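Peer 1: Quick one: structure below, then a few questions.
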Amino acid sequence: MENILAGLEMLARWDVFAALLVGSIGGVIIGAIPGVGPAVAIAIMLPATFGLEPMVGLTMLLGIYGSSMYGGAIPAVLINTPGTAVNALTSYDGYPMTENGEAHRAVSLAYSASFWGGIFGIGCLILLSPVLAIVAPMFGSREIFLAALLGIILVVLAHRGQIMAAGMLGMFGIFLQTIGLDAVTYTQRYTFDQTFLSSGVNLIVVVLGLFAISQAFFLLTAPDSSPDAKPVSGKLGAGFKELLKHKRVATVASAFGVVLGMIPGTGEFTAQFMSYTYAQKTSKDPDSFGKGSPEGLIASEAANNAVPAAAMIPLLALGIPGEALTAMMLSVFYVHNVIPGPQLFQNNIDLVYGLYFALIALNVIVLVFLLFSTNLLTKIIRIPTRFLGVMILMLSFVGVYSLRNSLTDVIISAVFGVLGLMLKRLNLPIVPIILGMVLGGIMETKLRSALPRLNSPFDMIDRPISFIIFVLILLVIGLHIRTLVKEFKAHQPDEDHDLHDTQSR
Amino acid sequence: MTKTKTLKSLFKRYRRPGDIVFAWFCFLISVFLLSQIADQTAYKNGAKLFAQPRFWPAVSLSLMTAFAGFHLLGSALSERIEGRWREVLLWASSLEYAGWFMAYAFVVPYTGYLLTTIVFAVGLAFRVGYRSAQMLLAAGGSALFTVLLFKTLLKVNLPTGLMYERLPEGLRSIMLTYF
């Protein structure tokens with residue numbers, strides 16, 4: 001109880017609340033603009049938050065992370081273009097509703113389902129906290145090493161159809177984090193006698209290059225366009241009444257979001273897809289899916305909004321990020337000397353509760369903001385894409401240069417910007433590089449610290465949790481091979497689509 | 001039925017023009033980096049294999065080369081997609097914007113954040129095709145807002161301009177502190 005009060009007290013500070021307000025509203029606006037997305041915004045804002053207090057910086061970024069998907073639903077519903085990549089399925093039923101003259105109903109349903117999913121996710125996070133506080137300390141070096149290894153394997157295998165590319169990029173990420181002076185043996189690794197490489201390749205510089213600068217290049221090299229979203233009329237609060245008729249779909253979809261949000265490499269896409277499939281299979285009117293079904297819209301939005309809170313579980317409890325946005329959040333923790341992992345629940349439990357309350361507050365702030373400002377956002381959506389490119393490049397400078405005032409960082413980030421553009425144009429994933437860097441660093445450190453206690457490789461799995469994770473690794477690989485064999489035998493014809501738009505991944 | 005079908009289709013990614021060029025590029029880079037392993041990493045006598053400074057670069061680069069090889073094989077055996085070199089030219093065209101970005105970063109410590117940002121935003125907006133006064137003003141206004149937000153208000157660590165040193169005393173200190 002004392003810790004809960006301390007967490008509430010943290011949120012009651014004016015600077016923390018202001019940061020949450022700015023982050024939440026900023027996140028909705030950013031999410032509503034197709035072509036920007038939370039990854040770009042968080043990458044740019046990361047260095048700017050380093051000067052702020054931990055709770056202030058974290059709540060601002062958390063605000064952007066948790067609220068962007070609310071905003072992303074607006075263009076998905078109104079102009080058939082998802083604001084963030086994870087709103088892709090929202091457009092399947094949202095846009096047909098708009099075409100049928102039910103835009104206000106679709107937007108309203110999207111908001112209420114998002115709110116339901118968001119609050120459900122936080123509820124699970126809070127309920128799981130006591131369990132996490134007990135389980136997390138059981139994770140020693142070898143367990144965290146194996147969990148990070150499982151994370152890398154899942155991230156690679158999640159990119160079906162492009163596993164070789166994802167594997168290659170994941171390994172590139174692991175390699176990147178090895179560059180520089182090895183902190184234990186004090187030997188140079190892949191520095192090619194260049195002094196600027198001795199301190200290694202900075203994660204934030206890579207993140208800014210791959211997410212923000214590449215997106216600017218992507219927009220600047222593509223033809224200019226200006227989406228046209230029509231204003232929405234009608235009561236936006238009406239969606240809540242309709243949502244209550246579909247409580248079951250909303251709750252199951254949110255549960256999918258929570259479970260899959262906790263697993264690295266899967267997240268919003270899989271949760272959204274599985275809940276959509278569930279909603280369709282259990283619906284009384286399955287044929288209406290894809291033609292304006294409220295259940296489809298609810299399933300999609302509730303699932304993707306339950307993910308951010310769930311994704312915080314492995315991050316806070318084990319210090320292992322499951323996707324790019326939580327990987328970025330991890331660097332904010334490190335900068336403020338708050339190390340996520342088993343000790344966090346013992347030493348900084350007030351901060352953990354503070355973050356929970358911040359998540360609840362951001363959902364309320366965003367909902368209230370959206371009920372009054374949806375039509376304003378439809379105007380913001382119309383910003384021409386090349387103009388956005390100019391703005392992103394200008395803001396990226398703040399992110400890169402404020403880090404260390406280094407021109408070398410600017411050059412490195414520009415190089416990664418070009419690489420990111422190539423990946424986006426080729427529809428190849430960016431996330432494996434970032435997770436490779438983060439999880440690779442964790443694996444190297446944890447394996448080294450586990451070594452003195454290991455006499456044989458089997459000692460690695462002689463504890464219950466490490467053994468379970470090891471079995472999971474074998475299971476994941478085994479299931480993947482089984483699926484490949486089944487697909488090969490079935491000779492299923494390929495179908496192309498752009499669902500996996502890499503812009504936000 | 002809907003556009004969603006099986007779980008398999010969710011995870012599918014498909015080749016785009018230029019895929020084979022990228023595959024070759026990655027493969028050659030991987031092979032080159034792996035070939036440098038003995039020169040660029042050390043081997044400590046007596047240390048365990050997993051604690052060797054060479055261990056993780058060797059593991060990551062070996063697997064990267066293997067994955068890159070299979071990716072290249074997949075691309076080479078797939079049907080050719082039209083527009084390969086057009087796509088490569090588009091990638092190359094982004095180098096111009098990379099140049100804009102680096103030039104901007106290079107000039108800021110001399111001419112100051114405020115002036116350089118406004119010139120950069122308006123100049124780049126003009127370069128990408130905006131000619132109307134409204135759009136150019138919007139670019140300049142956004143640049144000014146960015147400076148006020150990050151440098152003046154949030155006091156983000158950005159350089160001051162050498163040019164400011166030549167300004168009169170009162171104005172000089174204001175420009176150095178806030179712009």
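The values are calculated or read from the model by the stated rules, or taken from the named source; none is laboratory data. Computed from a prediction, not measured in an experiment: that's the story for all the values here. A quick note on method: Cβ atoms are made from the backbone with ideal geometry, for glycine too, and the neighbour counts reach across all protein chains shown. Each accessible area value is taken on the protein alone, full model and side chains, heavy atoms only, with ligands, DNA and RNA left out. Shrake-Rupley method; radii C 1.70, N 1.55, O 1.52, S 1.80 Å.
Peer 1: Helix-derived [θ] at 222 nm for chain B: sum -39500 (n - 2.57) over DSSP H runs of at least 4, divide by residue count, nearest 500?
Peer 2: So the calculated ellipticity at 222 nm is -21000 deg cm²/dmol.
Peer 1: Which value, in Å², gives the accessible area per residue of the range A:38-107 when a 1.4 Å probe is used on the protein heavy atoms?
Peer 2: With the other protein chains kept in place, the range A:38-107 gives 20 Å² per residue.
Peer 1: What range in chain B is the longest one free of GluC sites (Glu not before Pro) that are in a loop by DSSP and have at most 11 other Cβ atoms within 10 angstrom?
Peer 2: Longest gap between qualifying sites, sites excluded: B:83-179.
Peer 1: Same structure, new question: Counting only heavy atoms of the protein chains, get the accessible area per residue of the range B:24-179 (1.4 Å probe) and round it to a whole Å² value.
Peer 2: Dividing the accessible area of the range B:24-179 by its residue count gives 55 Å².
Peer 1: Further, regarding this structure: Quick check on my link table: of A:247/A:284; A:230/A:291; A:230/A:379, which ones sit more than 18 Å apart, alpha carbon to alpha carbon?
Peer 2: A:230/A:291
Peer 1: So, one more: Find the all-direction average of the projected area of the Cα convex hull for the range A:218-287, expressing the result in square nanometres with one decimal place.
Peer 2: Seen from a random direction, the Cα hull of the range A:218-287 projects 8.4 nm² on average.
Peer 1: Another question about this same structure. Evaluate E = 1/(1 + (r/R0)^6) for residue B:42 and residue B:102, where r is the Cβ-Cβ distance and R0 equals 45 Å; express this FRET efficiency to the nearest 0.05.
Peer 2: Result of the calculation: an efficiency of 0.85.
Peer 1: If r is the Cβ-Cβ distance from residue A:134 to residue A:3 and R0 is 22 Å, what FRET efficiency results, to the nearest 0.05?
Peer 2: 0.90
Peer 1: With each label point set 7 Å from Cα along the Cα-Cβ vector, what nm distance links residue B:153 and residue A:199?
Peer 2: Between residue B:153 and residue A:199, the simple spin-label model gives 3.0 nm.
Peer 1: Oh, and also: Give the interface area between chains A and B as buried accessible surface, both sides summed, probe 1.4 Å, in Å² to the nearest 100.
Peer 2: Looking at A and B, the buried total is near 8000 Å².
Peer 1: Right, here's the next one. Can you compute the FRET efficiency between residue A:13 and residue B:32 using 1/(1 + (r/R0)^6), with r the Cβ-Cβ distance and R0 = 51 Å? Round to the nearest 0.05.
Peer 2: 0.45
Peer 1: Report, in deg cm²/dmol and to the nearest 500, the calculated mean residue ellipticity at 222 nm for chain A, where each DSSP H run with n ≥ 4 adds -39500 (n - 2.57) and the sum is divided by the residue count.
Peer 2: -23500 deg cm²/dmol
Peer 1: Follow-up question, since we're still on this one. How big is the Cα convex hull of the range B:71-131 in projection, averaged over all directions, in nm²?
Peer 2: 6.4
Peer 1: Same structure, new question: May I ask for the equivalent-ellipsoid semi-axes of chain A, computed as the square root of five times each C-alpha gyration tensor eigenvalue and listed largest first in whole Å?
Peer 2: 34, 26, 25
Peer 1: Charges only on Cβ, +1 for Lys and Arg, -1 for Asp and Glu: so what's the dipole of the range A:240-349 about the Cα centre, in debye to the nearest 20?
Peer 2: For this selection, approximately 300 debye.
Peer 1: Straight-line reach from residue A:446: which aspartates and glutamates have a Cα under 15 Å away, not including same-chain ones fewer than 8 places off?
Peer 2: Correct list for residue A:446: A:143, A:182, A:459.
Peer 1: Any chance you could give the angle, 0 to 90 degrees and rounded to 10, that helix A:14-32 forms with the longest Cα principal axis of chain A?
Peer 2: 70
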